[in-house]
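Just so you know, all these numbers are worked out from the coordinates, no wet-lab data involved. What you see is a predicted model, and the numbers here were worked out from it, not measured in a lab. Glycine gets a Cβ as well: all are built from the backbone with ideal geometry, and neighbour counts include every protein chain shown.
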Amino acid sequence: MKLNERSLVCYATCDSPADNAGFLSKKGERNTAYHRRWFVLKGNMLFYFEERESREPVGVIILEGCTVELCEAAEEFAFAIKFDCAKARTYVLAAESQAAMESWVKSLSRASFDYMRLVVKELEKQLEEMQRGLAGSRSVQRRSPIYRKTKPALCNGCAVWNNAPCVDTLPAGDGPGGLADSGSGKPPVCPGTVCFSKLHDWYGREITELRREWQESHKL
């Protein structure tokens, strides 16, 4: 892999936020002694510096095709970065505490592009499932009139309600117990709605007739 050294140095030392940073003890490749270095993780690149204030990194580890696992070493809280290639170097690092080791192992394991691709696929799958569920719930609400908001409408100047009982469901018959009309057999209301003022007049017909008969009988 061909890397531009100047671009790497700029990326390692710029003000962009790091995914993890801290001191780790790094085991040498030829000299197996451990050296304390300042590590900075940005994306899938693990930079290490001689000191925290160093202006340029000593090296960089590209975290692709690797596994991060705990290992037995002379230093406590040690873990290793291993690559699939047979001749690839294994990096042995040691943290300063158990919590720091767990934090580094977790962040390094999630740093590769392959891991991010799996995360994106899983999130896309969850999003599709949520969208299908939302579409299904909206379809149920459209089919069910129970969830509809009722609003008053005007019918011949009278307020009527969209969720009022349909005319066809009202009982038929003579008098207030039924709504038989002399002509149509139904009360004079708008189809599918009930107008209060017209129903008031409709049910008041029998009362008006009884009152007229009572007044006529008392005149005798």
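Numbers below:
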| quantity | calculated |
| --- | --- |
| Long-range HN-HN contacts of Cys71 with modeled amide H, under 5 Å | Ala78, Phe79, Ala80 |
| Euclidean distance of C-alpha centroids, segment 109-123 and segment 24-94, integer Å | 22 |
| Theoretical gain in end-to-end length, Leu118 to Ile207 [0.36 nm per residue, Cα-Cα removed] | 24.2 nm |
| Full-stretch length increase - Glu64, Asn31 - with 0.36 nm per residue and alpha-carbon distance subtracted | 9.3 nm |
| Summed residue charge, Cβ within 15 Å of Ala94's Cβ, Lys/Arg positive, Asp/Glu negative | -2 |
| Distance (nanometres) between label positions extended 7 Å along Cα→Cβ at Ser137 and Lys87 | 5.8 |
| FRET efficiency, 1/(1 + (r/R0)^6) with R0 30 Å, evaluated for Ala99 and Leu8 via beta carbons | 0.50 |
| Inter-probe distance in nm under a simple model that places probes 7 Å from Cα toward Cβ, at Trp214 and Ala21 | 9.4 |
